[in-house]
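The values are calculated or read from the model by the stated rules, or taken from the named source; none is laboratory data. Computed from a prediction, not measured in an experiment: that's the story for all the values here. Quick reminder, even Gly has a Cβ in these numbers, built from the backbone with ideal geometry, and neighbours come from all protein chains shown. Ligands, DNA and RNA are stripped out before the accessible areas are found, and what is left, the full protein with its side chains, is counted by its heavy atoms. Shrake-Rupley method; radii C 1.70, N 1.55, O 1.52, S 1.80 Å.
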Amino acid sequence: MAYAAVTSLMNTMQQSMQVTGCNLQSFYKKLETVRAIMETPCYIAGDLEALTSLEDEITQLAYTTQDMVDSESRRVFTAKNAATQTTEFWDHHSLLKQAIRDIDSMRNKWMKMQNRYDNIQDWKAQNLTITSTSQHTLERENMMVGREIEFEMVQDQLARGASEVEVVSIVGMGGIGKTTLANKLFCDPFIVSRFDIRAKVTITQEYCTRNVLLDLLFSISGSGRTGGLCEQQDDGQLADQLQKLLKGRRYLIVIDDIWAKEAWDDIKLCFPDCNCRSRILMTTRNMEVAEYASSGKLPYQLLFLSSVESWNLLYEKVFVKECFSPEFENIGKQIALNCKGLPLTIVVISGLLQKIGKSLDKWKSVAENVGSVVSTDLDVQCMKVLALSYHHLPQHLRACFLYFAIFPVDKLIFVNKLVRLWAAEGFLKVDEMKNMEEVGKECLKDLTDRNLIFIHRVSRLDGKIKACGMHDMIRELCLREARNTNFVNVIMDNQNPSELARHFSTKLRGRISIQSEQSTFVPDQLYAVRNSKPCSLLLFIRKPSTSRIMQELEHFNLLRVVELASPMLDAFPICIVGLFHLRYLALTFYSSINHRDIYIAPSVDNLQYLQTFILKFQKNFFIRPKFSFVLPLEIFKMSALRHLSLDRSKLNRYASRETSWDLGNLQCLSGWNPLYCTSSIFRLFPNLKKLKICDHKEYYMDGYDVVKGLHDLCYLDQLEELKYKMRKSIKGTTLATNYLSRHSQLPPPGAFPQNLKKLAFTSTSLPWEDLRIVGKLPKLEALKLAYDACVGREWKVVEEGFPQLKFLLLQHLGLNYWRASSDHFPRLERLVIDRCGYLDSIPHDFAEITTLQLIDISNCAESVGNSAKKILEEIEDNYGSTVEVCIS
């Protein structure tokens with residue numbers, strides 16, 4: 001993880017320059033050269049131990065230097081006068097100079113190893129047998145079960161379609177059955193009859209173009225690879241010979257397990273296009289490669305086998321060959337289920353079952369311990385295949401992948417949180433053109449394209465990934481690699497103490513994830529690992545904890561990330577402010593001392609490097625109005641903050657404020673109190689992009705205009721997303737009583753930020769007619785109205801409506817009649833209506849909206865669904881296109 005450590009150091013140095021004003025650019029440039037060299041792939045089999053040792057040294061030195069930069073920068077920042085500041089700066093400069101010199105020395109060692117590697121590449125290329133790897137042999141032997149639909153679809157595209165050469169791609173993780181499907185198609189009698197020439201080749205990550213060409217030529221000719229004229233020819237001559245063999249004939253070429261776009265670029269010109277309906281069938285683990293090579297067709301992505309398909313595969317491998325009693329079949333079904341849908345795993349377990357024979361006790365043992373049995377054998381078979389996907393990752397993605405080990409196995413991982421954690425850890429390589437959030441989401445997409453991460457939830461607005469997860473088998477790989485490198489160490493209930501000690505025996509600083517049912521388990525585990533000096537601590541505990549956890553936390557003074565994802569606090573822990581290295585802090589509270597607001601200590605401004613600050617109550621606890629987080633004014637001095645998320649907030653001593661304060665890095669602010677939506681406050685957030693304003697409506701219906709603060713939003717000229725949410729009623733009051741006594745009113749269009757793209761109102765009790773103001777926002781693309789956001793029986797859209805709107809959500813509204821035309825929503829793409837029980841129908845004229853793609857209706861009157869169906873029919877009749885209509 002040397003690359004991640006160097007990147008983290010560079011990000012720390014960048015932040016130090018922002019906080020202190022010290023010029024460390026020369027050191028930063030030196031580190032850029034170090035990182036650039038490490039980005040070059042380095043597969044040194046003979047020197048693997050030496051390389052690993054060197055990586056460990058660089059990692060340790062980078063983290064030590066990072067801590068030093070933080071500490072020295074803090075001294076410069078807190079210096080009482082200019083003379084002291086100058087002294088501290090030169091001390092900082094001198095220490096950093098020596099550290100960079102040491103890192104530079106290690107860079108030279110790395111380069112020497114790399115040069116030795118480069119010098120032997122030609123020899124390795126000539127002696128590389130690219131189709132002899134055991135994992136491919138194993139995958140070719142798989143029974144093809146559960147792929148009938150995919151088989152027919154790919155078969156149809158290979159046999160029919162355009163006359164031009166087409167590339168058909170099959171994408172999926174290692175062991176999912178890509179090669180099995182490709183081989184089945186290659187040998188299918190119908191396919192064989194359709195082509196004059198068939199050839200196949202397997203390409204690994206260390207591919208050699210010459211070997212690929214030789215394999216294809218010999219696959220066509222059917223001769224061996226020894227001797228002959230081909231061995232005497234150079235690469236250009238081989239490519240020319242292959243092209244001549246294929247020209248004018250209908251050919252099928254199977255390119256199995258291609259890893260990189262460069263590999264395709266090296267051979268694609270060898271395949272002539274003579275309008276003979278020739279086809280190239282490609283398998284890959286990387287969606288990006290598939291999309292790059294495919295002929296405008298969507299790649300076929302293989303998913304995990306269902307429980308039925310898993311059992312069918314196990315049955316074909318084990319039970320068809322011999323007769324077993326029903327008891328064995330019952331156990332076999334449980335074993336197949338525990339293989340988690342991965343064909344390669346089922347094949348490995350099948351081999352084990354065949355070896356142990358008809359021993360019912362042994363079969364039961366396999367069923368009970370199939371996870372550990374698979375794990376035991378994975379180093380040789382299953383994990384070896386899966387590990388290829390990890391070891392082929394670019395350096396900048398490895399730390400991002402291993403970080404998934406830090407989450408519990410059943411934890412839903414939200415993308416925004418994950419990216420913020422990556423940023424806090426310093427993994428993300430940020431340039432001037434993109435911010436951390438953009439880079440992080442690109443890294444996540446790359447991991448999903450490589451089939452290492454699966455998508456769990458997407459946005460209904462734009463289809464972007466909202467939540468993701470990891471298949472159990474890949475997580476096992478992730479966990480093993482993370483532990484082996486001391487990158488992440490997971491501590492769970494009933495863990496063996498000796499095993500725990502072994503994991504933390506290394507000097508390298510890692511990350512600790514404690515996952516437990518009971519909080520009493522945690523302090524002892526923290527005590528056991530306090531000397532490991534971790535850089536991150538994430539606690540996932542189901543039940544509230546005691547203050548003893550916080551006492552132990554005082555000993556972890558080098559932490560950069562603290563995540564208390566479970567409710568375990570009843571007051572703000574003052575010890576936290578001593579952890580000045582923190583970049584990410586998330587605290588969850590389950591109660592409040594004496595049922596009062598929770599006050600955040602003014603000394604929180606010691607956390608000058610903090611980027612993400614999250615304060616929340618236990619789920620459903622924060623709806624009680626008497627509890628708020630009271631922020632000190634010192635919060636405005638924390639200039640590194642990018643994300644501040646609160647359930648409900650107040651400011652302490654609001655009247656006093658320094659004009660020099662500025663949260664210029666703040667991107668997202670959630671849970672902000674409407675009382676503090678003023679021009680003087682908003683001027684402190686010049687670059688804010690996302691804002692969520694919320695509080696209990698009872699406090700603002702009387703004496704305050706609910707949306708008074710919206711008049712000053714114009715000062716947030718970078719704002720793109722705005723959510724305004726009023727909490728539900730309390731003490732028996734009803735929504736009807738509130739909005740009948742007082743409606744909210746929107747300010748004029750000029751008071752809104754003109755860059756606003758997404759707007760959401762919840763429980764705001766706005767008159768429907770006021771939405772004409774929202775429609776005037778020039779860039780508004782998404783509007784969400786939920787839980788009596790607007791009140792009244794009729795919404796009559798007037799004037800020009802919403803000319804730029806693409807997404808509209810209506811949720812839990814008392815609306816009866818919706819009067820609008822297609823001219824009011826000319827660019828609408830997605831319409832979602834949920835729990836609007838009184839609504840009679842969707843405006844019929846929406847059938848004229850040519851951009852419409854989706855109508856999603858749930859828990860509404862039958863007439864609403866019928867109106868959606870009529871719109872669908874008219875669009876199909878009038879335009880020949882279709883709209884997805886979902887009714888539930």
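Can you tell me which of R835, R827, R819, R793 is under 28 Å from K757 (Cα atoms) and touching a His at 6+ places or on another chain (Cβ under 7 Å)?
R835
Looking at Q66, Q85, which one is of a type in the set (S, T, N, Q), farther than 18 Å from H396 by Cα and at pLDDT below 75?
Residue meeting the stated conditions: Q85.
How many residues, within segment 846-855, are open to solvent by 20 Å² or more (accessible area, probe 1.4 Å) and in contact with an Asp or Glu (Cβ under 8 Å, 6 or more places away or on another chain)?
Number of matching residues: 2.
Checking E316 against (1) at pLDDT 90 or above; (2) not in a loop (DSSP other than H, G, I, E, B), only one condition comes out false. Which one?
All conditions pass for E316, except number (1).
Kindly evaluate E517 against the criterion of being at pLDDT below 85, touching a helix residue (DSSP H, G or I) at 6+ places or on another chain (Cβ under 6 Å) and acidic (D, E).
no
Considering each residue of segment 831-879, count those that are at pLDDT below 90 and assigned to a loop (DSSP other than H, G, I, E, B), and give that number.
1
Using beta carbons and a limit of 6 Å, which pairs, at least six apart or on different chains, have the first residue in segment 570-592 and under 20 Å from E425 (Cβ atoms) and the second one of a type in the set (F, W, Y) and surrounded by 20 or more Cβ atoms within 10 Å (Cβ to Cβ)?
R583/Y609; L585/F613
When you scan segment 311-324, how many residues do you find that are in contact (Cβ under 8 Å) with a residue 24 or more places away in the chain, out of contact with any helix residue (DSSP H, G or I) (no Cβ under 6 Å at 6 or more places or on another chain) and open to solvent by less than 80 Å² (accessible area, probe 1.4 Å)?
Summing the residues that are in contact (Cβ under 8 Å) with a residue 24 or more places away in the chain, out of contact with any helix residue (DSSP H, G or I) (no Cβ under 6 Å at 6 or more places or on another chain) and open to solvent by less than 80 Å² (accessible area, probe 1.4 Å) in segment 311-324 gives 3.
Quick check on my filter: what residues within segment 299-352 are of a type in the set (D, E, K, R) and in contact with a Phe, Trp or Tyr (Cβ under 6 Å, 6 or more places away or on another chain)?
K333
Out of contact with any helix residue (DSSP H, G or I) (no Cβ under 9 Å at 6 or more places or on another chain), small (G, A, S) and open to solvent by less than 30 Å² (accessible area, probe 1.4 Å): does that describe S822?
no
K464 passes all but one of (1) over 22 Å from A565 (Cα atoms); (2) open to solvent by less than 60 Å² (accessible area, probe 1.4 Å); (3) at pLDDT 80 or above; which number fails?
(2)
Does T12 count as in contact (Cβ under 8 Å) with a residue 40 or more places away in the chain, open to solvent by less than 10 Å² (accessible area, probe 1.4 Å) and under 30 Å from C443 (Cα atoms)?
Against the criterion (in contact (Cβ under 8 Å) with a residue 40 or more places away in the chain, open to solvent by less than 10 Å² (accessible area, probe 1.4 Å) and under 30 Å from C443 (Cα atoms)), T12 qualifies.
Here is a yes/no grid of residues against (1) over 22 Å from G510 (Cβ atoms); (2) modelled with pLDDT of 80 or more:
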residue: Y43; (1), (2): yes, no
residue: L51; (1), (2): no, no
residue: D56; (1), (2): no, yes
residue: A62; (1), (2): no, yes
residue: K97; (1), (2): yes, yes
residue: Q114; (1), (2): yes, no
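Please go through segment 750-759 and give me each residue that is touching a residue at least 40 places away in the same chain (Cβ under 8 Å) and assigned to a strand (DSSP E or B), ordered by number.
Passing the criteria: only K758.
Read through the list (1) of a type outside the set (G, A, S); (2) modelled with pLDDT of 85 or more; (3) more than 18 Å from L393 (Cβ to Cβ), then give the number of the only condition that L479 fails.
It fails just one condition, (3).
In segment 172-186, is there at least one residue being over 29 Å from L313 (Cα atoms), polar (S, T, N, Q) and open to solvent by less than 50 Å² (accessible area, probe 1.4 Å)?
No, segment 172-186 contains no residue that is over 29 Å from L313 (Cα atoms), polar (S, T, N, Q) and open to solvent by less than 50 Å² (accessible area, probe 1.4 Å).
Please state which one of V308, V347 is open to solvent by less than 20 Å² (accessible area, probe 1.4 Å), under 29 Å from Q157 (Cβ atoms) and not polar (S, T, N, Q).
It is V347.
Would a scan of segment 281-292 turn up a residue that is at pLDDT 90 or above, among the hydroxyl-bearing types (S, T, Y) and part of a helix (DSSP H, G or I)?
yes
In this structure, does K340 turn out to be at pLDDT below 80, touching a helix residue (DSSP H, G or I) at 6+ places or on another chain (Cβ under 7 Å), part of a loop (DSSP other than H, G, I, E, B) and surrounded by 14 or more Cβ atoms within 10 Å (Cβ to Cβ)?
So K340 fits the description; yes.
Condition (residue is on the phi < 0 side of the Ramachandran plot, open to solvent by less than 10 Å² (accessible area, probe 1.4 Å) and modelled with pLDDT of 90 or more) applied to segment 136-153: is it met by at least one residue?
no
Could you check segment 412-450 and list, in sequence order, the residues that are touching a strand residue (DSSP E or B) at 6+ places or on another chain (Cβ under 7 Å) and outside any helix (DSSP H, G or I)?
L412, I413, F414
Go through segment 643-663 and give me each residue that's assigned to a loop (DSSP other than H, G, I, E, B), of a type in the set (A, V, I, L, M) and either within 21 Å of L582 (Cα to Cα) or modelled with pLDDT of 80 or more (or both).
If the condition is that a residue be assigned to a loop (DSSP other than H, G, I, E, B), of a type in the set (A, V, I, L, M) and either within 21 Å of L582 (Cα to Cα) or modelled with pLDDT of 80 or more (or both), then L663 is the only one that fits.
Could you check segment 848-872 and list, in sequence order, the residues that are more than 37 Å from the chain's Cα centre (by Cα) and in contact (Cβ under 8 Å) with a residue 24 or more places away in the chain?
E848, A861, N866, S867, K870
Could you count how many residues in segment 825-841 are within 20 Å of E781 (Cα to Cα) and surrounded by fewer than 18 Cβ atoms within 10 Å (Cβ to Cβ)?
Adding up the residues that qualify gives 3.
When you look at L780, is it assigned to a loop (DSSP other than H, G, I, E, B) and in contact with a strand residue (DSSP E or B) (Cβ under 8 Å, 6 or more places away or on another chain), yes or no?
yes
So is L872 closer than 21 Å to G801 by Cα and surrounded by 13 or more Cβ atoms within 10 Å (Cβ to Cβ) or not?
For L872, the condition - closer than 21 Å to G801 by Cα and surrounded by 13 or more Cβ atoms within 10 Å (Cβ to Cβ) - is not met.
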